[in-house]
Structure formats: structure tokens, C-alpha cells
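A.B. asks: Supplied in C-alpha cells, the structure appears directly below.
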Amino acid sequence: MIKKLFKWALGFPFRAYTVMELRTGFATGLPILSSSLFAAYLTGKLNWLYLGLFFICGFSFNIVANVANEIRAYLKQEEDENTFTGHLGSEGLVRGDATFLDACLVLLAWIALGGLTGLLLVYLTNSVALLLMGCLGLLAALCYSLGPSPYIVLPIGEFVSGLLVGGLSSLVAFWLQTGWLNTSAFIYAFICMMLTVFLMSTNNTGDYEKDQGIRVTFPHIIGFRNSILIMIPESILVLTAWLYLSLTDLTWWQALIGFLIFFIEGYLRWLKDYLKIQTVYPEMGRDFGPRPLLLIRAFHTTMALLFFIAT
């Protein structure tokens, strides 16, 4: 019995990894990082403790949403060998690489980590509003895929995820550093929100046919081709927001590097080919799903470093 338990525990980290989709966890963590350092750049001071705690909390709740999605796919039998992406960091439950018990333990562990760091922040800031937003964030992470009315099956999933994962987390990160919000904070949060929307909408567009009859996403409402073309006006809005910050708060070299990131990661390595797609194909999600994530990583890590240098 002890030998079996030891063998189970020894293999648990790998099995846990297969249901967490860790790479997308940074979709929340990185906006928190760059927004915190943007606030520090504007004020000249940085609270490392608040940054670290909120980064862990946001990252944890994003993983909670990912694991909840894995559990839903398993319970609803929404995935099979024809829809697998081949990424070892996800789909472990439906592939059989992890068990239902593994997924539940992982879910509880990340809830505990996110909850503890969040509660510590509430204690340090003595903010009831922060507590309420934390509860909202955890509830949204769980209800993304689980519960009687998961919003992953509704055409509002992209907007809600963008608003909470990108926008609200960015605003809270800025507020934790400054104690106030201004126009620049909201503009930067809008950029963070839209980058998250890009990630969600690209994944939903790639899953256009796979999701038919299972969930109704925004691409199903506006049509496959329109779900790709809508990236054009959305990208223009992001560039306009960045131009505003460039003219008001950023140095010329920060602004230039930001535009270069949007051009290289946003256009050359993603939209240039993405906008040419006329019909969905089986490998589309695998080919294009990670590209907005690469844009998110490049933008937030680079800008965080630039803001830190200039603080």
C-alpha cells in the first residue's frame, strides 16, 4: 500500500502538469507584471510585495480556469483524438494521462494558493473592495467552464475573459501600486484586455467547427470569416491606445519598441497569415492559437523591463 502511494505521489507532478495549461496562465500574470511596473514608472516607486502576491494570485486563478475547462471537457466528452492539439501541458484528463482525482486535487491546490495570496493582500491593504473583486475573480474562473451556466458555451466568453483576465487585473495591479487610477491606467488596461481577447477569439475561431453543437461562441454569431476580419478594427483600437500613451506618458524609445512588438509579433508572425484564412481547417487551432500568446508574452515582458529600467 505504501509503495503504491509513493509511486502515485511520484508521478503526480507530471500528471498535474498535463491538466494545467501553464503557458496560458501567464495571460493573467504578465498583465499584472507590466501594469504594476507601468504604475511604478509613473510614480517612481514599486511595492515588490504587492506585485509578487498579486502575480501569484492572478496566475493561480487563471490555472483554476484552465483546470476547470479540462474537467468540463472530460465530463462532457468534448474532446477526442481528432481534436487533440498534442500539447503535453493540456488535455491530459481526456487523453488519460491524468485521472479525475488528479484534476480535482490540482484545482483545489491552485484555489488554495490563489486564495491565500489574495487574502494576504486584502489583509495588507485592508480593502473590502479587493476582497470582493477576488471573490468575483475566483467565481469567474470556476464558472468559466463549470456550474449550471458556464459562460464558455456562450458568445460572451471572449469579452468576459478579456475584461477580467486582462482589463480588471491590470487596473487592480495599477491601483495596488498607486492607490488611485487615472486615464493612463484605463488606457493601458484596455490594451491588456484586448490582447487577452485576441487570444480567446483566435482559439474560438480555430475551434469553429469543433464547437458546433457544443457551445455557441462569438465566431458562431458573426461568422467564421468575420471573426478573423474583426481583428483589423480591434488592432487599430489597440494601436490608437498605444499612440495615446506614447504621446502622454511614454518615452520615445518605449513607444517605438512597443510599436515594433506589435508589428513583429502581432502582424508579421500572426495577422499577416491569419487574415488570409478563408475556411477553417483541422490544424488551425494548433497553427495559430499560440501566436496571440506569443504577442502577450513579448509585449508584457518587454514593457515590464523597460518600465523597470526607467523607474
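The values are calculated or read from the model by the stated rules, or taken from the named source; none is laboratory data. Keep in mind that this is a model prediction, so the values were computed, not measured. Positions of Cβ are generated from backbone atoms using ideal geometry, with glycine treated the same way; all protein chains shown enter the neighbour counts. Only protein heavy atoms, including side chains, enter the accessible area calculation; ligands, DNA and RNA are left aside. Shrake-Rupley method; radii C 1.70, N 1.55, O 1.52, S 1.80 Å.
A.B. asks: So how exposed is CYS143, as accessible area in Å² (1.4 Å probe, rounded to 10)?
C.D. replies: So the heavy atoms of CYS143 present about 50 Å² to solvent.
A.B. asks: Please report the carbon-and-sulfur percent of the accessible area for the stretch 207-311; probe 1.4 Å, protein heavy atoms only, DNA, RNA and ligands left out.
C.D. replies: Reported share for carbon and sulfur atoms: 66 percent.
A.B. asks: What part of the accessible area of the stretch 83-178, given as a whole %, is carbon or sulfur when the probe is 1.4 angstrom?
C.D. replies: 79 percent
A.B. asks: Let me check against my output: what whole-number percent is the relative contact order of the chain, with C-alpha pairs under 8 Å and at least 6 apart?
C.D. replies: 24 percent
A.B. asks: In whole Å, how far is the Cα centre of the stretch 206-238 from that of the stretch 1-53?
C.D. replies: For the stretch 206-238 versus the stretch 1-53, the Cα centre distance is 29 Å.
A.B. asks: If R0 is 30 Å, what FRET efficiency do you get for TRP180 and ALA109 from their C-beta distance, rounded to 0.05?
C.D. replies: 0.30
A.B. asks: Moving on. How large is the accessible surface of TRP270 in square angstrom, using a 1.4 angstrom probe and rounding to the nearest 10?
C.D. replies: Approximately 0 Å² of TRP270 is accessible to the 1.4 Å probe.
A.B. asks: What FRET efficiency do you get for GLU209 and LEU119 if R0 is 45 Å and r is their Cβ-Cβ distance, rounded to the nearest 0.05?
C.D. replies: That pair, GLU209 with LEU119, gives E of 0.60.
A.B. asks: With a 10 Å cut-off between alpha carbons and a GNM built on the chain, which of LYS272, LYS210, LYS76 moves the most?
C.D. replies: Comparing LYS272, LYS210, LYS76 in the GNM, the peak value goes to LYS76.
A.B. asks: In square angstrom, what is the accessible area per residue of the stretch 16-310 with a 1.4 angstrom probe?
C.D. replies: In whole numbers, the stretch 16-310 has 44 Å² accessible per residue.
A.B. asks: Go ahead and set up a Gaussian network model of the chain, Cα springs under 10 Å, then flag whichever of ALA39, ALA112, ALA141 fluctuates most.
C.D. replies: Of ALA39, ALA112, ALA141, the Gaussian network model singles out ALA112 as fluctuating most.
A.B. asks: For a label point 7 angstrom out from the Cα of THR251 toward its Cβ, which stretches of the stretch 27-64 have the backbone nitrogen within less than 20 Å?
C.D. replies: From the stretch 27-64, the list is 34-47.
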